[in-house]
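The values are calculated or read from the model by the stated rules, or taken from the named source; none is laboratory data. Please read all numbers here as calculations on a predicted model, not as lab measurements. Don't worry about glycine lacking a Cβ; one is built from the backbone with ideal geometry, like all the others, and counts go over all protein chains shown. The area values use the complete protein model at the heavy-atom level, side chains included, leaving out ligands, DNA and RNA. Shrake-Rupley method; radii C 1.70, N 1.55, O 1.52, S 1.80 Å.
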Amino acid sequence: MKVTRRDLIAGAAGAVALARTAGAQTPADPTKVRGTPPRALGDRASTARVQRIVRGQVVSSTPLHDLMGIITPSDLHFERHHGGVPAIAPETYSLLIHGMVERPTIFTLADLKRFPSHSQIHFLECSGNLGRTAGPETTPGMLAGLTSTSEWTGVRLSTLLGEVGVRSGARWLLAEGADAAVLTRSVPIEKALDDALVAYGQNGEALRPEQGYPARLFLPGWEGNASVKWLRRLEVSDQPFMTREETSKYTEPFANGTSRQFSFRMDARSLITAPAFPNRLERGWVEITGIAWTGAGRITRVDISTDGGATWAAARLQEPVLPLAHTRFRHMWQWNGGEAVLMSRAVDETGYMQPTKAELLAQRGPGTATYHLNPITGWVVQPDGRVVYKEESWA
Amino acid sequence: MTRGIRQGVFAALLLAAAGAAFAQSPARYGLGRAATPAEISALDIDVRPDGAGLPDGSGVSSAGATIYASKCARCHGATGKEGPNDVLVGRVPGDGFPFAADPKVPHTIGNYWPYATTVFDYVRRAMPTTAPGSLTNDEVYALTAFLLHANGIIEAGAVMDKASLPKVAMPARKYFVPDTRTQTAAKPKP
């Protein structure tokens, strides 16, 4: 048989089609084969590969560069724990509230769910959310993927405190987890009575074990560590407890020779999630997109620069722009092939503008802990279209 | 309808309305059950800087050194300085606070921790990571004494117990300042 050039091309195309579908068993023409029946539990498309970035024993990051919109799929929510993820049976779960209260009380999970429920869409960010030694081949998720946004459902902590009766003079609460670190943080009573939740729901279903199943504390806009997971106990007190996580850790040395303590609020920040490493640009119109968020309320503006910060233009904010939640921004840009440095900077409703690295370093010094670093971040577009992280030296 | 009956109906309606409102959001829902003192003390392991929560028992550095060598040294080093996990021992000359300027100075109990009670609280709840919560109160007091002595904060023979530990003054205490940014975030409307 004579093999023609046409056969070769067809054969190559067939091989490509096979390679694409290998393992996934997708037919060449889906209109010619009946599809699968319904299933009790769905999966991602077999070709949609998305996963967290796991680093060591205590951290995994959200792949921000793979996500759209503002909601983080629950199985891609970042993880940070100090004693592993505990397995807790919901029927044995209980929350004890005691200390400076009229009625020390134990609530089961079923009790918590009988109170009025609130659902709130909020970001949760680890205060140590910056890879300071990141090299050029760093994705947005690797750099700053310790932030995620979910719809959280639970009972207002103020409702529970009303139930147990807080005594006068109460100023702080100790929140304690049922993990192997029995992690504890002190929380000011003002926050507890304001918008704090004892959450049992995440994106419409029970919390994921990694996010605190069966129930966790959730403090909107505040550093993630204080939103104690696997919450087993709340003790009301007239003073903070000075736990290890609020003294040795989660405090920031400042250039003026002090260390800032109880720095709960996350300041405004934005991050371009595309184009970024490992994207490769084609000439023409490019959508620059990313997320912005602030612990002070709503994002009011995100500026984009394509020339390394020399000039800025306002990006479009995608509705909904929710308080204390990721806000999606986008900006159309025409790339004609030259080198460019893409940057974003967020402004929030208090007027606070995301700082530069130089501003942060002047305030904190090169030795500061990694906590609460929210610098403007750049991505370098190389003439061949490759995009890499604009490396920064923090030392 | 007489005026009296009309007033009576009105009052009944008001009462019903009040009842409905009450059903919407009572001051208390009557959920949960009273916690007994035994249930509280089984979980209440925290220790405050003023010493509240410290249990009975005591320990000295020499006893702590033995426990440290067998249960802690492999992760924190023979003298607490070598790692591989967190460095626990070390002072800064003149008890300065060079952390912002120098990323190479490790944060230790001796140069960074503001409260001695935190050592007891944390070791008791979380260490060793291979068997958290396995140490007796005497062991935790002894380990606390060992770590404070190794950091040059207490004398070799000093007994650590619920009376003495809260009195231990930590060199870095004066450097900690509360956050002065406005704490209350713009409130999301429910």
Seminar exercise, completed: Expected vector for the range B:135-149, Karplus 3J(HN,Hα) from phi with 6.51, -1.76, 1.60 and θ = phi - 60°, integer Hz, x for Gly and Pro, equals 7, 6, 4, 4, 4, 5, 4, 5, 5, 4, 4, 4, 5, 5, 5
Exercise. If you plug each phi of the range A:219-225 into the Karplus form 6.51 cos²θ - 1.76 cosθ + 1.60 with θ = phi - 60°, what whole-Hz ³J(HN,Hα) values come out, in order, with x for Gly and Pro?
Worked result: 10, x, x, 9, 4, x, 4
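Ignoring ligands, DNA and RNA, how do B:Arg173, A:Arg283, A:Arg232, A:Arg103 rank by accessible area with a 1.4 Å probe, largest first?
Values: B:Arg173 100, A:Arg283 170, A:Arg232 50, A:Arg103 75 Å².
Per-residue accessible area, sorted high to low, gives A:Arg283, B:Arg173, A:Arg103, A:Arg232.
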Problem set entry | Counted charge near A:Asp267, where neighbours are those whose Cβ lies closer than 9 Å (Asp, Glu -1; Lys, Arg +1) | +2
For this session: Note down the magnitude of the dipole of the range A:269-389 about its Cα centre, charges +1 on Lys and Arg C-beta and -1 on Asp and Glu C-beta and zero elsewhere, to the nearest 20 debye.
Result: 160 debye
Exercise. Under a 5 Å amide H to amide H cut-off, with H placed in plane at 1.01 Å, what residues pair with A:Ala181 once short-range neighbours are removed?
Worked result: A:Gly83
For this session: Let me have the 222 nm mean residue ellipticity of chain A computed from DSSP H runs of 4+ only, each contributing -39500 (n - 2.57), with the sum over all residues rounded to the nearest 500.
Result: -3500 deg cm²/dmol
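How much length is gained if the chain between B:Glu82 and B:Ala156 is pulled fully straight, taking 0.36 nm per residue apart and subtracting their Cα-Cα distance, in nm to one decimal? Can you show the working numbers first?
Working: separation 74, 0.36 × 74 = 26.64 nm, distance 2.14 nm.
Result: 24.5 nm gained on full extension.
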For this session: Could you tell me which GluC sites (Glu not before Pro) in the range A:334-390 are loop residues by DSSP with no more than 14 other beta carbons within 10 angstrom of their beta carbon?
Result: A:Glu339
For this session: With the Cα gyration tensor of the range A:269-389 in hand, convert its eigenvalues to equivalent ellipsoid semi-axes via √(5λ) and list them largest first in whole Å.
Result: 24, 19, 11
For this session: Go through A:Val59, A:Val166, B:Val140 and list them by solvent-accessible area, largest first, probe radius 1.4 Å.
Result: A:Val166, A:Val59, B:Val140
For this session: Taking the Cα atoms of the range A:150-208, report the difference between the largest and smallest coordinate on each principal axis, in whole Å and largest first.
Result: 37, 27, 17
Exercise. Under the Kirkwood approximation applied to all pairs of distinct alpha-carbon atoms, what is the hydrodynamic radius of the range B:73-156 in Å?
Worked result: 13.4 Å
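Let me check against my output: what whole-number percent is the relative contact order of chain A, with C-alpha pairs under 8 Å and at least 6 apart? Spell out each step's value before the answer.
On the way: 906 pairs, mean separation 61.8, N = 395.
Worked out over chain A, it gives 16 percent.
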For this session: Take the Cα atoms of the protein assembly as shown, find their three principal axes, and give me the spread along each one in whole Å, biggest first.
Result: 94, 93, 54
Problem set entry | Inter-probe distance in nm under a simple model that places probes 7 Å from Cα toward Cβ, at A:Gln363 and A:Ser119 | 3.6 nm
For this session: Across chain A, how many lysine pairs, 8 or more positions apart or on different chains, have C-alpha atoms separated by under 23 Å? Please give the number.
Result: 7
Exercise. So, in nm, how far is label B:Thr129 from label A:Glu91 when the simple model puts each one 7 Å beyond its Cα toward the Cβ?
Worked result: 3.4 nm
Problem set entry | Viscosity 1.567 mPa s, temperature 4 °C, Stokes-Einstein D of the range A:176-297 from Kirkwood C-alpha radius, µm²/s | 76 µm²/s
Problem set entry | the range B:45-106: mean projected area of Cα convex hull, nm² | 6.5 nm²
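If you average 1/r across every pair of different Cα atoms in the range A:90-155 and take the reciprocal, what Kirkwood value do you get, in Å?
Values: mean 1/r = 0.0644 Å⁻¹.
Evaluated on the range A:90-155, it is 15.5 Å.
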Exercise. What's the Cα-based Rg to Rh of the range A:39-117, Rh via Kirkwood?
Worked result: 1.11
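Could you give the Stokes-Einstein D for the range A:96-226 in µm² per second, using the C-alpha Kirkwood radius, 4 °C, 1.567 mPa s? Write out the running numbers ahead of the final one.
On the way: Rh = 16.0 Å.
My calculation gives 81 µm²/s for D.
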Exercise. Using the Karplus equation 6.51 cos²θ - 1.76 cosθ + 1.60 (θ = phi - 60°), what ³J(HN,Hα) coupling, rounded to whole Hz, does each residue of the range A:44-57 give in order, writing x for Gly and Pro?
Worked result: 5, 3, 5, 9, 8, 8, 8, 7, 6, 9, 8, 10, x, 9
For this session: Could you work out how far the C-alpha centroid of the range A:78-99 sits from that of the range B:43-87, in angstrom?
Result: 24 Å
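What do the square roots of 5 times the Cα gyration tensor eigenvalues come to for the range B:39-190, in whole Å, largest first, as semi-axes of the equivalent ellipsoid?
They are 26, 22, 16 Å, listed from largest to smallest.
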For this session: Mind listing the long-range amide H neighbours of A:Asp267? Cut-off is under 5 Å, sequence gap 5 or more, other chains count too, H placed in the peptide plane at 1.01 Å from N.
Result: A:Gly295
Seminar exercise, completed: The Rg/Rh figure for the range A:343-386, Cα atoms and Kirkwood Rh, to two decimals is 1.10
Seminar exercise, completed: Measure of exposure for A:Thr105: accessible area at 1.4 Å probe, Å² rounded to 10, is 10 Å²
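Over the range A:53-255, what is the mean sequence separation of C-alpha contacts under 8 Å (at least six apart), divided by residue count, expressed as relative contact order in percent?
On the way: 439 pairs, mean separation 52.0, N = 203.
Dividing the mean separation by the residue count of the range A:53-255 yields 26 percent.
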